[in-house]
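What follows is one structure encoded as structure tokens, with my remarks underneath.
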Amino acid sequence: MMAIPPPLTTYDNDIDILLSQMTDEDKIGQMTQIAIDLILKDPSKPWNEIEVDPVKLKTAIQNYKIGSIFSVAATGAYSLEQWHDIIGKIQDESSKTSLKIPVLYGIDSIHGANFVRNSVLFPQAIALAATFNTTMVREIGKIVARQTRAAGIPWVFHPQVDIGRQKLWPRLWETYGEDVKLVKDMGRAYTESMQGDDLKSLVTVAACLKSFVGYSHPQSGRDRTPAWIDERQMQEYFLPPFEESIRAGAVSVMINPGDVNGIPGHANYHLMTEILKEKYQFEGFALSDWEDIIRLHTVYHTADTPKEAVRQAIMAGVDMSMVPLDFSFFDLALEGIKDGSISISRIDDAVRRILRVKYALGLFDGRNAWPDISTINTFSNQIFDQINLQAAHEVITLLKNDNNTLPLIEAKITSDTKLLITGPTADVLTSLNGGWSYTWQGNDQSIYPTNFTNKTILESIKRYLGTSKVEYINSTTFDQIVDMSKVLDASVNASYILVCLGEQAYTETPGNINDLILDDAQLQLVEQLHNRTDKPIITILVEGRPRIIRRIVELSSAIVMMYLPGMEGGQALVDVLFGKYNPSGRLPITYPKYNHHLSTYDYQWCETSLGNNIDVEFEFGHGLSYTTFVYENLVLSPSPILLWDEQLSISIVVRNTGSVIGDHTVLLFISDLYRSVTPPNKELKDEATFIRDTNLTLDGKVIFTGNSSTPIEPDAILTIELQGRSHVGAQAKVITSGAGRITAFPVQFRLNYYLSQIDVRHIYSLHAIIRNKNNELLYMSDDHIITVPLSTDKHTSIVIPVKLIKQKISVSNKHEWPELICRSGQDAVDIIKRETGNILI
């Protein structure tokens, strides 16, 4: 773990002085965030003609005391020079106010500084999750922070740490996948790397976690629609990634624009105040999403007037309102203060939280709030592009490779037997990058810098093979067949057929879909090609969601998943297709086969019992390689007895039995055999990655070392460590959704790990031997639970070390655990900790 910035409360003495000087208007102004549109002369003009209107800016800052501005106008990203001009003028105006409080500017830097022209556009989050490489994510976070801060913007609305378990959701690709541990690890890595250990540094930014909490799991799959998440699920799956990044120092949180269990996110006192601010002791501030406070009145109907909507949101815990296209929040909040419906203590708390972040960022220090114009000279760096290419390499996931179709045999590709390329994602940059790429939807390729237009899949392959060996025929759009005859005729003489399928760029509500099955026109393209020729078909998937492709899986000789790989995705694919890079990505989501069978990997045992079954296209963690790996010699250490809060180290030998150098991630799963609530069949608890040393440096440091800087070669040894108690029993396992009874059991668990190359699962069953704080050994036999005092030699002599096979243990002193009465999930945890000294359930 990296060092984190100083506690936000460090600045409270200065803030107390400032608060004492602030009027109610000053305070509400700090809580008000507006879009840049309100200070522009004409926000509809092309990006390069955008100008700040000094009169509108003065009105916003002087009259309404605005504390925050964000985003770009709809016409797209600005150049670095434009940003310097815009931010400079905003801070100049704020310096003319009586209190001289700087404006906090925020931006959606989602996969790079994507609203700064010529910035590096990295793979999107779901793609980065496929690398399982937090070291890579840390380096990307540093670059994103550096290029965003270079524009004079110190605050970023990222990462999205809501867990991605709803495959229809149009923002799935903004998440780090469906597993709790993976999302926790990636979110922490990104947060720590963006914020560094000093937010005042001009190469770091403040992170804003999105979207607290449960936004990612709408029941319908549509954006901003209701989620129904019981307390146990909330505690076990959705809240932990937020808690992890808050512990890592995240200083702001954006609130869920949907609702959970009938309570809109922006009116949810329990989640915002009791959980976020009190339980997690979060000292930063909570930001609303776009227009979502007024929507308590206009959309969710929990408030009968706009004024009541403002009152509900503030009193529930929202600290800053993304209004964003008028000043209504300012006026209504001020009314609430004057009539007493909004307490001044709540206002002071909100303003204090906002000012803490401004102080932490050094915005009150000298010229820190203004852009550093010297960054124009250091904004671009060849190393940034190399890191981006390496990330795109590691993202690519080989889902199928019959008869070693890949890598392609270059000698077979000639001017007479060309590589035939078709499909709607073959020659578009927008699909490689997805939403939040120069514009909100990311679907306007016309505003991409001209020096990037040669980075599509098609152009990248042409650059490698030469144009004479490549034939491109545009036969379909995303959802319509254009002309199938030409591509079918060309397929007869082709050496290979590369079919590039997937999705157009989208995000949020415009990305809603009615059907997860890939558009029929694209499926027909593969089907008709297969019917016409026996040439190998390589299907390339460029998509933010796992669109169902059941009809064409068997028809494809190879299938390559690219997700949304960013600007270097085209070149990365070339390197994979032609064997310059051995793919190592693994699915961070379960890829479904059927529309109404959208399972996750951690399904419950009962889902495969009594005639039920799990039938998916590709499992979570699936990913092939051009070589083969064997796992050998599993060893547990350091002790056969797992003491309270002790880590269990598991080492295995990973052997490359093929002839090609390869990167590899080993995934380690734990399975509780019995719990007081139905356990999942398995849970990811650790992973370790061997990756090649690319010898790239940033700030003089060697990067991309992962767990080892050595690629997998024969006899390479990989050690996986299970850290602490959460790996043998999660706190959430004792959570109940309300009043009730639970029975506590010590844990019996099973260790699973995958050999993905040949899809073999190795399963070791372990008896976990656990010592509690009462100095007793606890473990579970096949028949009953046993407690053995450590002080009795007779009893300790019968304790059997952790075994790789199930072992029946029989002793006379059975121990019956009492039923524990609990009023809430947290009560259950507290009771068990108090009564037994452990929460390993």
Using a 1.4 Å probe on heavy atoms of the protein chains only, the accessible area for S374 in Å², nearest 10, reads 60 Å²
Ignoring ligands and nucleic acids, W605 exposes an accessible area, probe 1.4 Å, in Å² to the nearest 10, of 80 Å²
When the charge dipole of segment 8-375 is computed with +1 at the Cβ of Lys and Arg and -1 at the Cβ of Asp and Glu, the Cα pointing farthest to the positive end, of P43, A150, I28, is that of A150
Distribution output for segment 182-241: share of Cα-Cα pairs per 10 Å bin in percent, first bin at 0, values 20, 38, 27, 14, 1
Sorted on mean Cβ neighbours within 10 Å (highest first), peptides 10-22, 122-134, 83-95 come out as 122-134, 83-95, 10-22
The base-10 log of I(q)/I(0) that the Debye equation returns for segment 395-474 at q = 0.24, 0.25 Å⁻¹, one scatterer per C-alpha, is -1.19, -1.23
Rounded to whole angstrom, the alpha-carbon centroid of segment 273-314 lies from that of segment 487-562 at a distance of 43 Å
For segment 126-165, the accessible surface attributable to carbon and sulfur atoms (probe 1.4 angstrom, ligands and nucleic acids excluded) amounts in percent to 33 percent
Checked segment 3-47 against the a/c 1.5 cut and the a/b vs b/c comparison, axes a ≥ b ≥ c from its Cα gyration tensor; verdict oblate
From the cross-link list K56/K307; K184/K338; K400/K682, the entries with a Cα-Cα span beyond 31 Å are K184/K338
Computed D for segment 207-342, Stokes-Einstein, Kirkwood radius over alpha-carbon pairs, 20 °C, 1.002 mPa s, to the nearest µm² per second, is 143 µm²/s
Once T32, T298, T135 are ranked on solvent-accessible area with the largest value leading and a 1.4 Å probe, the list reads T298, T135, T32
Kirkwood Rh over alpha-carbon pairs of segment 8-375 plugged into Stokes-Einstein at 25 °C, 0.890 mPa s gives a D in µm²/s of 121 µm²/s
Rounded to the nearest Å, the spacing of the alpha-carbon centers of segment 400-446 and segment 1-73 is 42 Å
Residue-normalised value, i.e. accessible area per residue, for segment 126-212 at 1.4 Å probe, in Å², stands at 12 Å²
With every protein chain in place, the accessible area of Y448 for a 1.4 Å probe, in Å² rounded to the nearest 10, comes to 10 Å²
Computed over all unlike Cα pairs, the Kirkwood hydrodynamic radius of segment 1-130 in Å stands at 16.7 Å
Measuring from its Cα centre, segment 8-375 shows a charge dipole (+1 at each Lys and Arg Cβ, -1 at each Asp and Glu Cβ) which, in debye to the nearest 20, is 520 debye
Computed about the Cα centre, the charge dipole of segment 521-637 from +1 Lys/Arg and -1 Asp/Glu charges at the Cβ has a magnitude in debye, to the nearest 20, of 340 debye
Applied in sequence order to segment 217-230, the curve 6.51 cos²θ - 1.76 cosθ + 1.60 (Karplus, θ = phi - 60°) yields integer Hz couplings, x standing for Gly and Pro, of 10, x, 4, 7, x, 8, 5, 6, 10, x, 10, 10, 10, 6
Relative to the compact-globule estimate 2.2 N^0.38 Å (N residues), the Cα gyration radius of segment 523-598 stands at a ratio of 1.19
accessible surface per residue for segment 443-585, probe 1.4 Å, DNA/RNA/ligands not counted, whole Å² -> 35 Å²
In segment 8-375 the DSSP beta bridges are antiparallel at a rate, in percent to nearest 5, of 10 percent
Packing-ranked peptide list from 496-503, 379-386, highest mean Cβ count within 10 angstrom first, is 496-503, 379-386
Surpassing 18 Å at the alpha-carbon level, of the pairs K181/K279; K181/K277; K142/K200; K418/K455; K142/K455; K412/K486, are K181/K279; K181/K277; K418/K455; K142/K455; K412/K486
log10 I(q)/I(0) for segment 433-515, Debye formula on C-alpha points only (no solvent), q = 0.14, 0.24 Å⁻¹, two decimals, reads -0.67, -1.24
Mean 1/r over distinct Cα pairs of segment 396-608, inverted to a Kirkwood Rh in Å, yields 17.7 Å
By the mean-Cβ-within-10 Å protection proxy, highest first, 215-227, 338-350, 419-431 rank as 419-431, 215-227, 338-350
If every Lys and Arg gets +1 and every Asp and Glu gets -1 at its Cβ, then about the Cα centre segment 291-366 yields a dipole, in debye to the nearest 20, of 260 debye
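The values are calculated or read from the model by the stated rules, or taken from the named source; none is laboratory data. From a predicted model like this one, the values you see are computed outputs, not experimental measurements. Counting neighbours? That spans all protein chains shown, and the Cβs are built from the backbone with ideal geometry, glycine included. For the accessible areas, the whole protein counts, side chains as well, though only heavy atoms, and no ligand, DNA or RNA atoms are used. Shrake-Rupley method; radii C 1.70, N 1.55, O 1.52, S 1.80 Å.
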